[in-house]
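Read through the structure below, which is laid out as structure tokens, and then see the notes.
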Amino acid sequence: MRGAIFSPVLFTGYWLLGIGYFMSATIPNTQHPVPNILALETSGRIGSIALAQGPTLLEARTLSAAMKHATELAPTIAAMTAAQNWAPADIHHIYVSTGPGSFTGLRVAIAFARALSQATGAKLVAVPTLDVLARNAPPDVTNLVVLLDAKRGQTFAARFQRTGPNLTRVEGPTLVAPAEIIARARQHGPVWVTGEGVDYHRDSLGDAQVLDKSLWPGLAQHVHTLGLELATRGEFTPRDALLPVYIRLAEAEELWRKRQGLPLN
């Protein structure tokens, strides 16, 4: 079903958006011990982009306008790579935050990444968005719930516990009422919550502590960190398998399928 939502027409549209940047990239990438990395985070209202060499972050930029990923992504990447004197074929890995999150935002970055990989041979890594959001938590947060609004009183959510220097996902991502997943987290001690879903579900948070709003958006530098961990383990994503993680259909798609008498899964 996810493949049906990610239509060839939409993919081609975003490919054309970026073609001015990478149309000259015709030399396939080979293996690189210290890869040049492009990391993309467009799952929420505010997008960001990062460039790195292996574990070293070179630059990170936040897109200037909320929900303008389609118009800003390609020119911002072009400017950032030009500043590093990178040609498109100099990008060896592309790490993408794949959802759940904004339907349009996810598809913009994924379409761009797939098309650039097609042109250059860059390897792809799918990075779970809720894991990216959890990386914003301060070190004293030990029991975290990440919430994104899914409408109809529900959230896309995941639960994390600190088992060392980083938080580890122990549940989700799942479609759930926020009070339910917070209740499960409360069995393990005081609960912190974060994510853009907080503003939509404050009445369901109970005594959970809310992280500062500045910590809610996903950051491309965390996409880089998590993506590099996956790449180091060889967990690359085939180009055709790099798809948005929706958990549930878009509302318009659900309505259409109901009218057609089609199943919703």
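The values are calculated or read from the model by the stated rules, or taken from the named source; none is laboratory data. No experiment lies behind these values; they were computed from the predicted model shown. Note that we place each Cβ from the backbone using ideal geometry, even for glycine, and neighbour counts take in every protein chain shown.
Six or more apart or on different chains, Cβ atoms under 9 Å: show the pairs whose first residue is in segment 184-203 and farther than 14 Å from Ala137 by Cβ and whose second is small (Gly, Ala, Ser) and assigned to a strand (DSSP E or B).
Short answer, once both residue conditions are applied: Gly197/Ala157.
Considering (1) outside any helix (DSSP H, G or I); (2) among the hydrophobic types (A, V, I, L, M, F, W, C); (3) touching a helix residue (DSSP H, G or I) at 6+ places or on another chain (Cβ under 7 Å), say which one Ala109 fails and leave the rest.
(1)
Can you name the strands (runs of 3 or more DSSP E) wholly within segment 1-88 that have at least 1 residues being at pLDDT 95 or above, within 19 Å of the chain's Cα centre (by Cα) and farther than 22 Å from Lys123 by Cβ?
Answer list for segment 1-88: 56-62.
Using the structure shown, decide if Gln221 is of a type outside the set (D, E, K, R) and outside the structural domain of Gln118 (by TED's automatic domain parsing).
In short, no.
Residues in segment 191-243 that are within 21 Å of Ile110 (Cβ to Cβ) and in a helix (DSSP H, G or I): how many?
Residues meeting the conditions: 15.
Just for strands (runs of 3 or more DSSP E) wholly inside segment 114-174: which have at least 1 residues that are more than 25 Å from Ala241 (Cα to Cα), among the aromatic types (Phe, Trp, Tyr) and outside the structural domain of Leu230 (by TED's automatic domain parsing)?
Those strands (runs of 3 or more DSSP E) span 155-162.
Against the conditions (1) under 30 Å from Thr163 (Cα atoms); (2) buried (at least 24 other Cβ atoms within 10 Å of the Cβ), where does Asn136 fall short? Just the number, please.
(2)
Kindly establish whether Pro100 is surrounded by fewer than 23 Cβ atoms within 10 Å (Cβ to Cβ) and either modelled with pLDDT of 95 or more or in contact with an Asp or Glu (Cβ under 8 Å, 6 or more places away or on another chain) (or both).
no
Being at positive phi and surrounded by 14 or more Cβ atoms within 10 Å (Cβ to Cβ) narrows it down to one residue among Gly206, Gly227, Gly195; which is it?
Result: Gly195 is the single residue among Gly206, Gly227, Gly195 that is at positive phi and surrounded by 14 or more Cβ atoms within 10 Å (Cβ to Cβ).
Tell me yes or no: at least one residue of segment 185-193 is under 20 Å from the mean Cα position of the chain (by Cα), at pLDDT 95 or above and outside the structural domain of Ala50 (by TED's automatic domain parsing).
The answer is yes; a qualifying residue exists.
Out of segment 165-192, which residues are touching a helix residue (DSSP H, G or I) at 6+ places or on another chain (Cβ under 8 Å) and either over 14 Å from Val146 (Cβ atoms) or crowded, with 21+ Cβ neighbours inside 10 Å (or both)?
Passing the criteria: Leu167, Gly172, Pro173, Ala177, Pro178, Ala179, Ile182, Val191.
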